[in-house]
Amino acid sequence: MRRKARTASKAENRPRFWGRHAVAAAIANPEREIVRIWATREAAEEVELPKGVPFTFADVADLGRLVPKDAPHQGLIVEVERLDDLLLADVLQDAPERRPLLVLDQVTDPHNVGAILRSAAAFDALALVTQDRHAPPESGALAKAASGALETVPWVRVVNLARSLDEMAEAGFWRIGLTGESEMTLAEAVGPARVALVLGAEGEGMRQNTQAHCDALARLPISGRMESLNVSNAAAVALYAVATDGG
């Protein structure tokens with residue numbers, strides 16, 4: 001799949017990933033450039049480390065100084081280059097049916113986006129689509145929450161989300177925006193086999209312009225004892241519902 005190179009210098013703000021799943025997945029991804037590795041001797045024995053990459057043995061305390069406080073590094077840290085951007089047109093071209101797209105409208109919390117990537121991998125989503133300026137960058141916290149899915153689920157960052165939703169419609173995707181204010185349930189909204197699920201940020205929800213570019217608005221039929229779900233939980237439930245023909 002084609003990627004377009006980022007214009008900013010790759011050396012700027014290189015992220016550090018930690019935790020065995022995130023690190024092992026990054027190392028296994030042929031499109032991910034590993035810049036440097038730190039590990040305890042015990043952890044280094046459990047991961048196949050790439051050759052030719054600067055490597056440092058370190059104890060647990062030293063590793064803790066390389067990442068945010070209390071980050072569960074599990075004895076492994078890698079510094080990486082960010083992945084180059086994907087083109088939405090390439091993702092949509094010849095997209096198979098039954099593999100949904102996930103679209104996030106200004107979801108900025110890295111833990112939520114990481115968890116959504118993990119669910120996307122679990123339910124074989126085609127890709128994650130976000131706005132470039134209103135989504136978190138690749139980071140250690142996001143990679144840890146994604147548990148390896150950051151390396152396996154295509155992540156497309158777009159400039160104009162409304163225009164990209166139109167592009168999805170032209171490719172045959174039925175765009176369903178999830179909002180608790182809708183009378184229609186997700187099961188009732190699922191139509192054609194190609195589905196794009198659109199979720200907004202917690203609190204604010206989808207912007208009005210984003211809703212206007214959806215084919216249907218739907219809600220998850222949750223109990224009245226809870227007003228709403230965390231956006232990552234909602235994404236997982238919606239993906240499962242689509243995978244089971246609406247639930």
| query | When the convex hull of the C-alpha atoms of the chain is computed, what volume per residue in Å³ does it have? | reply | 136
| Karplus couplings for the range 197-202 from phi (6.51 cos²θ - 1.76 cosθ + 1.60, θ = phi - 60°), rounded to Hz, Gly and Pro as x? | 8, 10, 10, x, 5, 5
| Assigning unit charges at the beta carbon (Lys, Arg +1; Asp, Glu -1) and nothing else, what dipole magnitude in debye, to the nearest 20, does the chain show about its Cα centre? | 480
| remark: Applied in sequence order to the range 141-149, the curve 6.51 cos²θ - 1.76 cosθ + 1.60 (Karplus, θ = phi - 60°) yields integer Hz couplings, x standing for Gly and Pro, of 5, 5, 4, 5, 5, 6, 6, x, 5
| message | If you average 1/r across every pair of different Cα atoms in the range 112-247 and take the reciprocal, what Kirkwood value do you get, in Å? | response | 15.2
| Which residue, Thr152, Thr56, Thr179, tops the fluctuation ranking in a GNM of the chain built on C-alpha contacts under 10 Å? | Thr56
| If you line up the Cα atoms of the range 85-189 on their principal axes, what length do they span on each, largest first, in Å? | 36, 32, 26
| field | Prolate/oblate/rounded call for the range 119-165, Cα gyration tensor, a/c under 1.5 rounded | value | oblate
| remark: Taking N as the number of residues in the range 5-142, the ratio of its alpha carbon radius of gyration to 2.2 N^0.38 Å works out to 1.14
| Qualifying trypsin sites (Lys or Arg not before Pro) for the range 62-112 [loop in DSSP, other Cβ within 10 Å: at most 13] | Arg65, Lys69, Arg98
| said: For the range 3-80, I need the span (max minus min coordinate) of the C-alpha atoms along each principal axis, in Å, sorted largest to smallest. | reply: 37, 26, 20
| field | Principal axes of the range 175-247: Cα extent on each, largest first, Å | value | 30, 28, 21
| note | Relative contact order in percent for the chain (Cα pairs under 8 Å, 6+ apart) equals 20
| query | Rg to Rh for the range 80-122: what is it, with Cα atoms only and Rh by Kirkwood? | reply | 0.99
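Throughout, read-outs are computed from the coordinates displayed, never taken from laboratory work. Fair warning: this is a prediction, and the values are worked out from it, not measured in the lab. When we count neighbours, we look across all protein chains shown, and the Cβ atoms used for this are built from the backbone with ideal geometry, even at glycine.
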